[in-house]
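To start, the structure itself, in structure tokens.
The values are calculated or read from the model by the stated rules, or taken from the named source; none is laboratory data. All values derive from a computational prediction rather than experimental measurement. In this analysis, Cβ positions are derived from the backbone assuming ideal geometry, glycine residues included, and neighbour counts consider all displayed protein chains.
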Amino acid sequence: MDILLLLLGLGLILAGANFLTDGSAALAQRFRVSEFVIGLTIVAIGTSTPELVVSVLSAIGGQSDVAIGNVVGSNIFNVFVILGLCALVRPLPLSRGNVRRDIPVGLGASLLLLAFTLPHLSATGHLDRIGRVEGIAMLLLYAGLTLWMIRAAQRAASLLHPAPRPASARSRRQDADGLLAPEPPAAPPATPDAMRADGPGNALRSAATTPEGRSAAPSAGGNTPSDSVPEAADAIPPAPAATRSAGPETARSDGSGETPGSRGTDRVQRTEEAQRPGRAQRTDGAARPQPATVGRPGKALWLLAAMIVGGLAGLVIGGELFLRSATRIARHLGVSESVIAITLVAGGTSLPELASSLVSVLKGKPDMALGNIVGSNIANILLILGLSATIRPLAPGGITLPDILMVVLSSLLLLLTAFTFRRRTIDRWEGALFLAIYGGYLGWLLAR
């Protein structure tokens, strides 16, 4: 029965991770927020919900070893197992902007945990307590760091993608080929004839016509309106050459070159075009370009919220089923509470991070996977452990100094990978090295 619950919990975790990743990525695009920031906040805190629930309930129940061991084991598991597996699946490129700033923050959180535990170590190297003062300090640091990291990421994004400048009047007159259209000639003064014949807009329309009577302004397709409406052009015979010759009877006194015949031709063409269905008309006589076809709209906001909430629910319920069944199996084997907390409890509560990170890597979003791991490690120490110690001071007896040092080592190796290698990529051999380190630590833990 426990094995069936274990498999059921794992299935819920994988399904919830898929919904959470898709919803978070779509939410990032909708609000123009980078995927790294979404992974650092919504995904990181959401996937840390099992750790939060287990540690807080353990602190309330007086199980300090489980409360601290869950946090310590989760941070070790996140880097050495989750990051190692992700690198084995696909090498992870490290973003120079966000990651080079946020990985040191993760190392700083690990060093802060070490600084808070060193004064409370016993002579045998076991941790005695983490008080309420340390817990409140962690919570305040977490709130400040989260705001700082989000603002820094947004500033970096604004530098990489500056807002476009408003288009000038001349640039808005570009034709479909991207070439600047010539400046239109100044409109001649409207005569009483023109005002009565075609309305107030005729003076502007007649100024943009050629001697042949066709409008000179290009349409949206790069042609003149008469070219885009061939039936109207064919129905009207061209004006005789005599009417286009310069003379006192045919030439306009305003110098525009338009003759009475061409003005009549232009008027008929405009009438034919206006009668065509779906043909919008501008006041300057040029055909108004039809609006571009709008692509398929994105998912509705309520649907994105439902995906994120549903994904989180699947992660929490699946993680709880997995945790309970795994704990019952481990207790039948006679393993101590601290070892259960660091290994099975931490591994079970870290399965949401494992599933979300693997899905993100498979979907080509390494920044979200790495932001999920770094953000979860920071949240585990500053938020979850801080909240647990604030609710009730913790007095563990099975957590030792080497366990805390492994947390620091995991963050230090990640920092060295980001700053040492020129490619700034976690390759497959580095992922295998991380898994080997965790295997060695697990063997030492079971043997002590």
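The residues of segment 368-397 that are under 16 Å from A143 (Cβ atoms) and of a type in the set (S, T, Y) amount to a single one, T390.
Scanning segment 303-334 for residues that are out of contact with any Ser or Thr (no Cβ under 8 Å at 6 or more places or on another chain) and β-branched (V, I, T) yields V309, I317, T327, I329.
Within segment 375-408, the set of residues being part of a helix (DSSP H, G or I) and either free of Cβ contacts under 8 Å to residues at least 24 places away in the same chain or hydroxyl-bearing (S, T, Y) (or both) comprises S376, S388, T390.
The residue pairs whose first member lies in segment 338-356 and is assigned by TED's automatic domain parsing to the domain that holds I404, whose second member is basic (K, R), and whose beta carbons are closer than 8 Å, counting only pairs six or more residues apart or on different chains, are I340/R331. Selection of segment 1-32 for residues being buried (at least 17 other Cβ atoms within 10 Å of the Cβ) and without any contact (Cβ under 8 Å) to a residue 24 or more places away in the chain yields only A28.
Of everything listed in (1) surrounded by 19 or more Cβ atoms within 10 Å (Cβ to Cβ); (2) in contact with a Leu (Cβ under 8 Å, 6 or more places away or on another chain); (3) among the small types (G, A, S), the single unmet condition for S350 is (2).
If we keep just the residues of segment 319-337 that are assigned to a helix (DSSP H, G or I) and either outside the structural domain of A395 (by TED's automatic domain parsing) or among the polar types (S, T, N, Q) (or both), which is surrounded by the fewest Cβ atoms within 10 Å (Cβ to Cβ)? For segment 319-337, the residue satisfying everything is T327. Among residues of segment 139-152 that are touching a residue at least 60 places away in the same chain (Cβ under 8 Å), none has a beta-carbon under 7 Å from a residue that is of a type in the set (F, W, Y) and in a helix (DSSP H, G or I) at least six positions away or on a different chain. For the subset of segment 70-116 comprising residues that are at pLDDT below 90 and either among the aromatic types (F, W, Y) or touching a strand residue (DSSP E or B) at 6+ places or on another chain (Cβ under 6 Å) (or both), which member is farthest from F434 (Cα to Cα)? Out of the qualifying residues, it is P93.
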